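As structure tokens, the structure follows; a few thoughts come after it.
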Amino acid sequence: MAKQLQCDVLVIGAGPAGSRAAMRAASEGLKVILVDSKTRLGERPHCGEFVPYQIFREFSLNRNSILHKINNLETLIVENKSEFRFKTNLIQSNGFLIDRPKFDRYAAIEAATSGALTMSSTTFSAFADKGCILKSVNGEIIVKSKFVVAADGARSTVRKKLGLLNDDCVVGRQLEGIISNTNSSNAMVFLDHEFFGGYGWLFPKGATANVGVGLLPRDGCMYGDSLENFSEMLIKMCLIKPGWIARTSGFIPTFGIRFPIIVDNIIFVGDAAGLAHPITGAGIAPAVFSGDTAGEFVAKAVKSGNPSIISRYQDAILYRYGGPYQHALSKKKVQLESWETKDFTELCNQTWISFKGYKKRERKN
């Protein structure tokens, strides 16, 4: 027989968004259950691990997870690979490379110490009349809750079970290699015609660097080959050394906020809500903000006995991300429509964030 539990809020997914939501709600006195499919919380990150410095000012986060300070973003448009000819652009971009497993693990522990019942190796399976069905190492669990916070990533199972689309993702492939210059404070982005709808990156974090590619699926696309070719180019440029110490992969939502982000008593946060920048794919800071905001309004809704308060979560998300993401989406549309027809350097100047052309509004037809 399935074990049955009751709580005020069930949080599915213990990444930056889910753990933050669980911590905020639990610290307000709510009964919270936080679950994640990973056997060890925080393992297997697939992102570049870059965060803006402001996130540590806005939220109380684990500064011990900071590995390396970043001062600048260097953008290189690949014009000729064999000759290593690029058009370069350098802008100030203060931030940090973090140890994402440590960052996520601290957030989950903070949720647990705030009072959330936290369980790894536990996955959301389906909705039932009596609540959510979870699959755990100890068997099936049915959780009945007043609210559900879905923080289960870009390919959200919760969204899928509700019949909502969530396949609008860039595919990311990344390795952690040994960097040649351990003193580098520049994050490097490579815009290459081969990286359809995405880019390559080299993000230094001390003795190592995250090297990755993100691109949209299309016929003939070979993600592994793209990463291999990119890393070989960086080796020839003497930016990294041969070999790697880790490889990861994952999905990044890059088509804006996924409406609806509230369905009845279910609130979507982080990647599950499409909260990654449509051009850059940056998503850690939006995940923390969305989780914290969801936890805040869930707590207010439960304590006041007024479920409609949760609508303020969407208002807060739109206020912060609605305009910037809509602008980025207009650039994304131009990018994809003109990828094969426009001069690539000109297209990058028009659609990549560090160039002046990005700031110009697109005319509506």
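The values are calculated or read from the model by the stated rules, or taken from the named source; none is laboratory data. The shown structure was predicted, so the numbers you read here are calculated from the model rather than taken from an experiment. Counting neighbours? That spans all protein chains shown, and the Cβs are built from the backbone with ideal geometry, glycine included.
Annotations for the structure displayed:
- Restricting attention to the range 93-134, the residues that are over 25 Å from Arg155 (Cβ atoms), modelled with pLDDT of 95 or more and of a type in the set (Gly, Ala, Ser) add up to 4.
- Among strands (runs of 3 or more DSSP E) entirely within the range 118-194, having at least 2 residues that are polar (S, T, N, Q) singles out 122-128.
- Residue selected from the range 215-241 under the condition free of Cβ contacts under 8 Å to residues at least 24 places away in the same chain and in a loop (DSSP other than H, G, I, E, B), by the criterion nearest to Arg100 (Cα to Cα): Met222
- Selection of first residues in the range 86-113 that are on the phi < 0 side of the Ramachandran plot and of second residues that are charged (D, E, K, R) and buried (at least 18 other Cβ atoms within 10 Å of the Cβ), restricted to Cβ pairs under 7 Å at least 6 apart or on distinct chains, gives the following pairs, ordered by first then second residue: Thr88/Glu74; Leu90/Glu74; Leu97/Glu49; Leu97/Lys205; Ile98/Glu49; Arg100/Glu49; Ala107/Arg20.
- Only listed residue being in contact with a Lys or Arg (Cβ under 8 Å, 6 or more places away or on another chain) and farther than 19 Å from Gly198 by Cα, chosen from Ile245, Ile235, Ile240, Ile261: Ile235
Quick grid of which residues meet (1) surrounded by fewer than 19 Cβ atoms within 10 Å (Cβ to Cβ); (2) among the polar types (S, T, N, Q); (3) farther than 24 Å from Thr123 by Cβ; (4) under 14 Å from the mean Cα position of the chain (by Cα):
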| site | (1), (2), (3), (4) |
| --- | --- |
| Ala151 | no, no, no, yes |
| Gly163 | yes, no, no, no |
| Leu175 | no, no, yes, no |
| Ile179 | no, no, yes, no |
| Ala187 | no, no, yes, no |
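- Scanning the range 261-275 for residues that are under 13 Å from Leu318 (Cα atoms) and either of a type in the set (Ser, Thr, Tyr) or within 9 Å of the chain's Cα centre (by Cα) (or both) yields Gly274, Leu275.
- Within the range 312-365, the set of residues being out of contact with any Ser or Thr (no Cβ under 8 Å at 6 or more places or on another chain), closer than 16 Å to Tyr199 by Cα and not in a helix (DSSP H, G or I) comprises Trp339, Glu340.
- Selection status of Gly250, of a type outside the set (D, E, K, R), within 23 Å of Ser185 (Cα to Cα) and either in a strand (DSSP E or B) or at pLDDT 95 or above (or both): no
- Residue within the range 35-42 that is more than 18 Å from Asp104 (Cβ to Cβ) and touching a Lys or Arg at 6+ places or on another chain (Cβ under 9 Å) present: no
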